[in-house]
Amino acid sequence: MENAIQNEPVRQIILRERLENLALRLMAGTVGVLPRNAARAVGAGIGAVAWTLLGRLRGVGLRNLELAFPEKSEAERTAILRGVYRSLGWQIGEFCKMSGYTAEQASKFIRYDGLEHYLAAREKGRGVLVLTGHMGAWELSSFYHSLMGYPMSLVIRRLDNPLVDTFVNRIRCLHGNRVIHKDDFARGLLTSMHRGETVGILMDTNMTPPQGVFVPYFGMEACTASGMARVALHSGAAVLPGFLVWEAAEQRYVLHFGEELALIRTGDTARDIVANTALFTATIEAYVRRYPEQWLWVHRRWKTRPEGEERLY
């Protein structure tokens, strides 16, 4: 953990940040002592309150669902978005509890599907890039994987509040995980691949050029981070999807690892970067279509538009 934060800039902490950190610790401590089902219920309640109070985010979510699923009725899209808030609430409950989870405990409500794909990719020794996104219980995903003996690095954006950032990262890294901040993305990622390590990358958020390239997402051009494609093509690392989603039929989470993706290599580096970014984005879209009520629709995914196109929000 020390390696993950030693280069963070030092600045004076303001009162608001101290209060935010205190509130978070109090909530985590209070919810964390509850039985797991009660903690998830509290989290779902927080999600329901957020649905009511955060009208702007609700509006963004409904707009995104209108763009992605024009064939669905307003009632269907609303039901999907309510499910998103419940899923986020459940994740709050899990996050408050997860520092106390043991492998035996967690395995009662989480199972692997396709772990053999991950192990085969790791055996190649050239590093593994786990393609993932803000779906299901993404915080619990890497935590569970480390708990089961497979620590990994996580590419994340620094939280605005450095006290909260340190608190959250401490929990993320309890069982050997490391964080790679986006401002050290390229160097940290290439170093990890050189060592044959595993890195998880959430690449389903809006970007801006030149870090992002435009590729289709639900039929619309979405500015998408191209760094994973660049590193994969350069390093020869294996790329495979990994998502921890709630399976209602089983009443538990399943950590799905898909088969390694076959990278597109034509010899034209610029085109290959775009083509593979499109491949990765299409893979994410397939999971979102399968579990629409578990993806973060409240993010303005199509905020950056190609030149000359009108704004969508």
Q.
When you scan the range 262-278, do you find a residue that is assigned to a loop (DSSP other than H, G, I, E, B), in contact with a strand residue (DSSP E or B) (Cβ under 8 Å, 6 or more places away or on another chain) and at pLDDT 95 or above, even just one?
A. yes
Q) Which residue, of Ala282, Ala275, is more than 12 Å from Met135 (Cβ to Cβ) and without any contact (Cβ under 8 Å) to a residue 60 or more places away in the chain? A) Ala275
Q) Checking Trp295 against (1) touching a Cys at 6+ places or on another chain (Cβ under 9 Å); (2) crowded, with 21+ Cβ neighbours inside 10 Å, which single condition isn't satisfied? A) (1)
Q.
For the range 68-104: of the residues being among the hydroxyl-bearing types (Ser, Thr, Tyr) and more than 17 Å from the chain's Cα centre (by Cα), which is surrounded by the most Cβ atoms within 10 Å (Cβ to Cβ)?
A. Tyr101
(Q) Looking at the range 137-155 only, could you name the residues that are in a helix (DSSP H, G or I) and either of a type in the set (S, T, N, Q) or crowded, with 24+ Cβ neighbours inside 10 Å (or both)? (A) Ser141, Ser142, Phe143, Tyr144, His145, Ser146
Q.
On the basis of being of a type in the set (Gly, Ala, Ser), in contact with a strand residue (DSSP E or B) (Cβ under 8 Å, 6 or more places away or on another chain), under 23 Å from Arg126 (Cβ atoms) and surrounded by fewer than 21 Cβ atoms within 10 Å (Cβ to Cβ), does Gly236 make the cut?
A. no
Q) Out of all the residues in the range 222-252, which are closer than 22 Å to His145 by Cβ, part of a loop (DSSP other than H, G, I, E, B) and of a type outside the set (A, V, I, L, M)? A) Glu250, Gln251
Q. Pick from Arg36, Arg82, Arg18: which is within 20 Å of Pro292 (Cα to Cα) and of a type outside the set (Asp, Glu)?
A. Arg82
Q. What about Arg305, is it farther than 26 Å from Val84 by Cβ, basic (Lys, Arg) and either more than 15 Å from the chain's Cα centre (by Cα) or not in a helix (DSSP H, G or I) (or both)?
A. no
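How do the strands (runs of 3 or more DSSP E) wholly within the range 171-219 filter down when requiring 2 or more residues that are modelled with pLDDT of 95 or more and closer than 21 Å to Ala121 by Cβ: which remain?
Fully inside the range 171-219 and qualifying: 198-202.
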Q: Give just the number: which of (1) over 27 Å from Phe143 (Cα atoms); (2) touching a Leu at 6+ places or on another chain (Cβ under 7 Å); (3) not aliphatic (A, V, I, L, M) does Glu259 not satisfy?
A: (1)
Q) Given the structure, is Arg56 closer than 20 Å to Trp297 by Cα and surrounded by fewer than 12 Cβ atoms within 10 Å (Cβ to Cβ)? A) yes
Q: Looking for whichever is more than 21 Å from Met193 (Cα to Cα) and either touching a His at 6+ places or on another chain (Cβ under 7 Å) or surrounded by fewer than 19 Cβ atoms within 10 Å (Cβ to Cβ) (or both) here; the options are Glu285, Glu259, Glu250. Which one fits?
A: Glu250
Q) Can you name every residue in the range 157-183 that is of a type in the set (A, V, I, L, M, F, W, C) and in contact with a Leu (Cβ under 8 Å, 6 or more places away or on another chain)? A) Val164, Phe167, Val168, Val179, Ile180
Q: For Val49, work out the one condition from (1) assigned to a helix (DSSP H, G or I); (2) out of contact with any strand residue (DSSP E or B) (no Cβ under 9 Å at 6 or more places or on another chain); (3) within 30 Å of Leu261 (Cβ to Cβ); (4) not hydroxyl-bearing (Ser, Thr, Tyr) it doesn't fulfil.
A: (3)
**Q.** the range 105-127 residues that are surrounded by 14 or more Cβ atoms within 10 Å (Cβ to Cβ) and outside any helix (DSSP H, G or I), paired with ones that are modelled with pLDDT of 95 or more and of a type in the set (Phe, Trp, Tyr) (beta carbon under 6 Å, 6 or more apart)
**A.** Ile110/Tyr144; Ile110/Tyr253; Gly114/Phe257
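The values are calculated or read from the model by the stated rules, or taken from the named source; none is laboratory data. What you see is a predicted model, and the numbers here were worked out from it, not measured in a lab. Virtual Cβ from ideal backbone geometry, glycine too; neighbours counted across all protein chains shown.
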